[in-house]
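Taking it in order: structure first as structure tokens, then the write-up.
The values are calculated or read from the model by the stated rules, or taken from the named source; none is laboratory data. As the structure is a prediction and not an experimental result, all values here were calculated from the model. Please note: Cβ atoms are built from the backbone with ideal geometry, for glycine as well, and neighbour counts cover all protein chains shown. Protein only, heavy atoms only, side chains kept; ligands, DNA and RNA dropped before computing areas. Shrake-Rupley method; radii C 1.70, N 1.55, O 1.52, S 1.80 Å.
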Amino acid sequence: MEIRNKATKISLFNFSTPQMRAFHMSWFAFFLCFFAWFGIAPLMVIVRDELGLTKEQVGNTIIASVFMTVIARLAIGWCCDRFGPRLSYTGVLILGSIPVMGIGFAQTYETFLLFRLGIGVIGASFVITQYHTSVMFAPNIVGTANATTAGWGNCGGGVNQLAMPLLFSGLVVLGIGEFWAWRVAMVIAGLVCFLTGIAYYKFTQDLPDGNFKELRAAGKYPEPKKSESTFREAAGNYRVWILFLAYGACFGVELTLINTSALYFADYFGLGYLGAGAVAAVFGLTNLFARTLGGYLSDLYGGRGGLRGGLEGRVKLLVAVLALEGVALIAYSRMETLWLALTLMVIFSIFTKMSTGATFSIVPFISKRALGSVAGIVGAGGNFGAVMAAFLFRSDSLSWPDALLILGIAVIICAGITTSIRFP
């Protein structure tokens with residue numbers, strides 16, 4: 001059944017309509033989830049020394065932080081189709097806040113690893129954000145809406161690179177020792193997520209005309225039959241799995257850089273934790289415009305040549321920005337001076353975020369009935385890519401610049417594979 005009354009434009013300063021409330025609540029909730037998800041990353045220089053972590057153990061914690069999200073994103077897509085985005089987001093925020101706060105009580109490598117694994121669940125919030133804007137906005141603007149909410153939410157991964165070191169330093173100045181300062185900072189981040197979960201339940205609704213429960217009771221929105229599997233429908237579409245790889249090549253790389261940039265600039269360019277965090281923040285903060293730009297250009301090309309021609313235009317744009325991302329990443333991996341590395345990081349970051357926006361501008365057109373499952377599988381691809389990349393960074397035989405070089409080559413290969421997407 002076609003969803004009625006979707007918004008045909010984004011009115012940023014309008015909070016009265018359910019479409020715009022979903023827009024603002026979804027990006028803000030994802031921002032907080034992203035902030036908490038990688039809140040410990042800019043403080044890993046301190047945590048590594050306190051817990052005595054080896055390079056391999058640091059790599060394991062990076063893998064743990066993104067591995068669980070693969071499973072969570074696959075499951076949360078089905079939950080959105082079945083229960084709606086409002087209840088799904090409320091559950092992720094409230095349950096996900098527990099391991100965020102719990103990491104503040106970690107005393108050993110094992111407990112720290114366990115809580116970083118648990119925190120990965122909160123990364124499933126991205127799928128709900130994309131689902132909620134997809135059902136609230138019409139095809140002419142959905143790419144921009146998806147890219148903007150995801151991009152602004154992803155900025156949490158840049159803001160935390162600045163905010164968490166400053167919060168840590170502030171707590172130390174107040175007399176809280178370093179041992180407790182980073183722990184208290186994580187507890188605060190988890191508490192804010194918990195409160196936002198309550199707000200999401202109160203201020204949003206599933207669809208433009210109401211919530212799943214009430215609309216289904218009135219016969220206005222069908223409930224999926226138990227014999228029907230939206231996940232099976234999504235999983236049987238080859239386009240979904242190509243987008244899975246494409247998203248791994250852009251968002252997976254983004255997650256990897258968020259997890260490693262502060263340590264990279266500290267170890268290879270001699271910056272302190274505040275300086276390294278500030279430089280790493282630049283990578284995340286390009287989400288303010290770059291992901292939206294990818295979605296906007298995709299909508300622009302998607303409006304040409306009819307439905308089929310427009311979809312092919314969206315694919316061509318994705319291939320182009322993925323290829324440029326790979327080339328820029330290879331160049332970034334070869335930089336040995338700080339200002340050149342920072343310049344190439346900004347260029348590479350812009351193409352990475354444009355690629356993520358362009359990928360999810362295609363998602364709403366794959367399957368309307370299985371939208372949640374499509375978004376879940378493609379979203380999981382980002383974390384799958386991050387898990388694969390993390391194995392490069394945990395190897396003792398491979399330097400991080402060489403790991404980045406290999407990653408850039410892999411991105412270019414994925415761009416080539418993406419050219420095989422066709423629409424009937």
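Structure above, values below:
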item	result
Checking Glu336 against (1) among the charged types (D, E, K, R); (2) crowded, with 18+ Cβ neighbours inside 10 Å; (3) free of Cβ contacts under 8 Å to residues at least 24 places away in the same chain, the condition it does not meet	(2)
Residues located in segment 369-403, provided they are in contact (Cβ under 8 Å) with a residue 24 or more places away in the chain and not in a helix (DSSP H, G or I)	Arg369, Ala370, Arg394, Ser395, Asp396
Which listed residue is in contact with a Ser or Thr (Cβ under 9 Å, 6 or more places away or on another chain) and at negative phi, from Glu214, Glu233, Glu223	Glu233
Single match in Phe351, Phe365 (criterion: more than 17 Å from Thr129 (Cα to Cα), open to solvent by 10 Å² or more (accessible area, probe 1.4 Å), of a type outside the set (Val, Ile, Thr) and under 22 Å from the mean Cα position of the chain (by Cα))	Phe351
Boolean, Ala276 is open to solvent by less than 10 Å² (accessible area, probe 1.4 Å) and modelled with pLDDT of 85 or more	yes
Residue in segment 356-367 that is in contact (Cβ under 8 Å) with a residue 24 or more places away in the chain, among the aliphatic types (A, V, I, L, M) and not in a helix (DSSP H, G or I) present	yes
Contacts under 7 angstrom Cβ, first residue in segment 11-27 being modelled with pLDDT of 90 or more, partner in a loop (DSSP other than H, G, I, E, B) and surrounded by fewer than 14 Cβ atoms within 10 Å (Cβ to Cβ), 6 or more apart	Met20/Ser11; Arg21/Phe15; His24/Phe15
Odd one out for Lys316, checked against (1) farther than 23 Å from Cys155 by Cβ; (2) open to solvent by 10 Å² or more (accessible area, probe 1.4 Å); (3) at pLDDT 95 or above	(3)
